[in-house]
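Rule-based calculations on the coordinates, nothing more; no lab input. Computed from a prediction, not measured in an experiment: that's the story for all the values here. Counting neighbours? That spans all protein chains shown, and the Cβs are built from the backbone with ideal geometry, glycine included.
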Amino acid sequence: MMNPPALSVHDVTMEFEAHVRVLQHVNLDVPQGQTLVLIGESGSGKTTLLRMFNGLNHPTSGEIHLHGESIRIKDPIELRRHVGYVQQDGGLLPHWTVEENVSLVPVLLGWNPEKRTSRVHELLDMVNLDPTRYRTRYPIELSGGQRQRVAVARALAADPSIVLLDEPFGALDSITRRNLQRQFLELKRQLQKTLVMVTHDVDEAIRLGDRIAVLKDGRLLQIGSPAELLNAPAHDYVAQLLGHRSRGDHP
């Protein structure tokens with residue numbers, strides 16, 4: 001039996017100028033505590049959909065619900081303080097130290113300095129960065145993998161129930177990417193949060209996702225577990241996307 005949805009998408013369509021539809025009548029639920037991976041080629045609408053979950057994009061029609069409430073009625077700034085967000089390049093502020101970057105949302109929420117410092121140390125430990133070594137460093141002094149770990153720590157700082165990840169490992173070399181995927185799976189096990197991730201990488205989607213949503217040209221073609229998509233693709237494009245993997249060949 002599935003948990004109740006943390007996020008729900010109800011008949012969402014989004015159009016840009018000249019009636020260009022980026023998303024077309026999308027419906028899906030993300031149960032609490034599950035990881036949903038959005039996958040599809042460039043222009044499929046996956047990042048547009050992800051950014052709707054924290055109010056950075058708005059549907060032309062349809063509704064996005066967070067824990068049963070329409071996002072439209074929520075204050076957008078307050079919403080973004082309680083939904084963690086990890087960008088592809090980390091999005092760290094270059095002139096701020098690691099500690100200042102991780103503390104961004106706690107400062108906005110008015111946490112006292114002692115509580116902020118304690119939380120920074122806890123989170124850096126969680127992402128395998130020694131706080132005594134790294135909290136005073138600047139982003140330019142970190143490797144790409146270390147910057148992404150800091151970005152994940154920042155997204156978790158205020159203990160949000162939902163975390164969005166926009167190709168968080170996309171710009172990294174294969175070895176670093178694999179190591180961070182392993183850490184991601186461990187964090188996922190520990191924290192039991194609702195996670196929504198965008199990726200172009202089919203293997204990554206299968207490895208990290210509890211469920212995968214395949215999008216093409218703004219339409220949701222299929223959503224299901226990795227095994228369901230591998231064993232019973234509902235569309236030729238889904239079969240083509242997953243075709244290089246044999247049935248049952250997933251983590």
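Counted by neighbouring Cβ atoms within 10 Å, the residues 161, 118, 8 run from fewest to most as 118, 161, 8. Distance between the C-alpha centres of the range 104-131 and the range 25-46: 30 Å, rounded to the whole angstrom.
Against the main long axis of the alpha-carbon atoms of the chain, helix 174-191 sits at an angle near 90°. Exposure proxy for 95, 82: other Cβ atoms within 10 Å of each Cβ, ordered fewest to most, give 95, 82. The amide H of residue 216, built 1.01 Å from its N in the peptide plane, has 221 as neighbours under 5 Å, considering only residues 5 or more places off or on other chains. Starting from the range 30-125, pick out the chymotrypsin sites (Phe, Trp or Tyr not before Pro) whose DSSP state is loop and whose Cβ has at most 14 other Cβ atoms within 10 Å. Within the range 30-125, the qualifying chymotrypsin sites (Phe, Trp or Tyr not before Pro) (loop, at most 14 other Cβ atoms within 10 Å) are 96.
Qualifying GluC sites (Glu not before Pro) in the range 15-67, where qualification requires a DSSP coil assignment and no more than 14 other C-beta atoms within 10 Å, comprise 41.
Karplus-derived 3J(HN,Hα) values for the range 110-127, using 6.51 cos²θ - 1.76 cosθ + 1.60 with θ = phi - 60°, are x, 5, 6, x, 5, 5, 5, 4, 4, 5, 4, 4, 4, 6, 5, 4, 5, 9 Hz; glycine and proline are entered as x. With θ taken as phi - 60° and the Karplus curve 6.51 cos²θ - 1.76 cosθ + 1.60 applied, the whole-hertz 3J(HN,Hα) list for the range 4-13 is x, x, 7, 10, 9, 10, 10, 6, 7, 10 Hz, x standing for glycine and proline. Rounded to the nearest 20 debye, the dipole magnitude of the chain is 460 debye, with +1 charges on Lys and Arg beta carbons, -1 on Asp and Glu beta carbons, and the Cα centre as origin. Computed from Cα atoms alone, the Kirkwood hydrodynamic radius reported for the chain is 18.8 Å.
Number of Lys-Lys pairs in the chain with C-alpha atoms under 23 Å apart and a separation of 8 or more places or on different chains: 6.
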